[in-house]
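Input: a single structure, listed below in structure tokens.
The values are calculated or read from the model by the stated rules, or taken from the named source; none is laboratory data. Fair warning: this is a prediction, and the values are worked out from it, not measured in the lab. Using ideal geometry, Cβ is built from the backbone for each residue, glycine included, and neighbour counts are taken over all protein chains shown. Keep in mind that these areas ignore ligands, DNA and RNA; they rest on the heavy atoms of the full protein, side chains included. Shrake-Rupley method; radii C 1.70, N 1.55, O 1.52, S 1.80 Å.
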Amino acid sequence: MIKVNFNKEYILAGLGCSHTQGCAFAIYGEKLKWASKELEDKYKVECTPEFITDNLTWMAKLKKYIKISKILNYGAGGLGYDNTLYALKKLSLKPNLDKYIIIVQIAHPHRKNLIWSDDGWYRNSTQREFILFKKSDTKIPNFDLFKKIYTNVFLTELYNLFDYYEKLLYFQNLLESKGAILRIFESPFYNTPAFSKKDLTIYEKLKKDLFRRMYLDPLPLLSNSLEALNKLNLLYDHNLPEILKPKDPSIIAHTLHAEGLLLGDQHYSEKGNELVAKYLFKSINKETEFKLQGDNLYYLNEKAS
């Protein structure tokens, strides 16, 4: 793990879903506008991608702890999987990344893109969007039955996640070889399900079966999936619930809804993003690993110093 030097100035690239992008503050249109009158009254400036990125996101709040000259906002509302990998590909084309900190916020693995067609037109949605469709949203015959089969047979959260981690490890190695600092975090927006030795064994077998016709194994990291997972620069701090806990006892969390800024919206407010940034700062140079706990299940923990 390349450590962050707090005396050095960096360009920060943030990758993830809406929790990174900050799009909950705004409504899309020909131009952005504030998502509520309460937000408009609070900020009293024009709603722009630049203002949201540089003032309201967790990336903006990291400037309190790390010297950041520029923020690259690669978040995408409703996405978080393939868009993150595309952004990493774009960053990897740069010849020198010595001044870059790249932080990946993990979205739910069901945010993986899904290209499908029901009427001669191809559509692009995520797996999560697809399973939320109603019968009236598509011309697929017997859609309710089809969706039930798809959900029960093809959606595999844990193995999607393993596959995603494997791809992130590839980019971590590539980007670090060019001088970049890369970190990955999940909580408080997603938590890796506990997994067992059997889960790892099944995943390794699935991958090896996929490439069984090749003379050479193209994925040597899979000889030990746990070892590969533990090479990832995943952030974790066991004090996270305390860090994110509001001082105001009248609210459960600093969300737009709880602060009366956008009814029903559970995205973090500006204050919530300040606490996320505090958590990232506290954990950014700590190494982690998956450890066995209890009934043969692995959980993410801080690595013993």
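Within the range 255-274, which residues are open to solvent by less than 60 Å² (accessible area, probe 1.4 Å), in a loop (DSSP other than H, G, I, E, B), closer than 16 Å to Tyr43 by Cβ and not hydroxyl-bearing (Ser, Thr, Tyr)?
Kept after step one, since they are open to solvent by less than 60 Å² (accessible area, probe 1.4 Å), are these residues of the range 255-274: 255-256, 258, 260-262, 264-265, 267-270, 272-273.
Retained after the next criterion (residues that are in a loop (DSSP other than H, G, I, E, B)): 256, 258, 260-262, 264-265, 267, 269.
So of that shortlist, the ones also closer than 16 Å to Tyr43 by Cβ come out as 256, 260-262, 265, 267, 269.
Selection gives Leu256, Gly260, Leu261, Leu262, Asp265, His267.
Does Asp98 satisfy the criteria of being of a type in the set (Asp, Glu) and open to solvent by 50 Å² or more (accessible area, probe 1.4 Å)?
Numbers: of a type in the set (Asp, Glu): yes; open to solvent by 50 Å² or more (accessible area, probe 1.4 Å): yes.
So Asp98 fits the description; yes.
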Q.
Consider the range 1-46. How many of its residues are open to solvent by 90 Å² or more (accessible area, probe 1.4 Å), in a strand (DSSP E or B) and free of Cβ contacts under 8 Å to residues at least 40 places away in the same chain?
A. 1
Q: May I ask you to say which residue of Leu232, Leu226 is part of a helix (DSSP H, G or I), open to solvent by less than 80 Å² (accessible area, probe 1.4 Å) and modelled with pLDDT under 95?
A: Leu226
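Taking the condition of being within 30 Å of Thr288 (Cβ to Cβ) and either open to solvent by 20 Å² or more (accessible area, probe 1.4 Å) or of a type in the set (Asp, Glu) (or both), how many residues in the range 244-254 meet it? Lay out the reasoning, then the answer.
Looking only at the range 244-254, we keep the residues that are within 30 Å of Thr288 (Cβ to Cβ), and these are 244-247, 251-254.
Next, from what is left, pick out any that are either open to solvent by 20 Å² or more (accessible area, probe 1.4 Å) or of a type in the set (Asp, Glu) (or both): 244-245, 247, 251-254.
Here the count works out to 7.
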(Q) Considering only the range 160-179, I want to know if a residue exists there that is under 28 Å from Phe133 (Cβ atoms), surrounded by 15 or more Cβ atoms within 10 Å (Cβ to Cβ) and among the hydrophobic types (A, V, I, L, M, F, W, C). (A) yes
Q) Which of the residues belonging to the range 101-129 are of a type in the set (Lys, Arg) and buried (at least 17 other Cβ atoms within 10 Å of the Cβ)? A) Arg111, Lys112, Arg128
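Restricting attention to helices (runs of 4 or more DSSP H) lying wholly within the range 89-195, give those where 2 or more residues are in contact (Cβ under 8 Å) with a residue 12 or more places away in the chain, more than 30 Å from Ile66 (Cβ to Cβ) and of a type in the set (A, V, I, L, M, F, W, C). Step through it out loud before you land on a result.
Details: elements: 127-132, 143-153, 157-177.
Of the helices (runs of 4 or more DSSP H) lying wholly inside the range 89-195, those with at least 2 residues that are in contact (Cβ under 8 Å) with a residue 12 or more places away in the chain, more than 30 Å from Ile66 (Cβ to Cβ) and of a type in the set (A, V, I, L, M, F, W, C) span 127-132, 157-177.
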Q | Given (1) open to solvent by 10 Å² or more (accessible area, probe 1.4 Å); (2) modelled with pLDDT under 95; (3) among the hydroxyl-bearing types (Ser, Thr, Tyr), index of the condition Thr53 fails | A | (2)
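Taking the range 187-212 on its own, how many of its residues are among the basic types (Lys, Arg) and under 23 Å from Asn301 (Cβ atoms)?
Restricting attention to the range 187-212, the residues satisfying the condition of being among the basic types (Lys, Arg) are 197-198, 205, 207-208, 212.
If we keep only those that are under 23 Å from Asn301 (Cβ atoms) too, we end up with 197-198.
Total meeting the criteria: 2.
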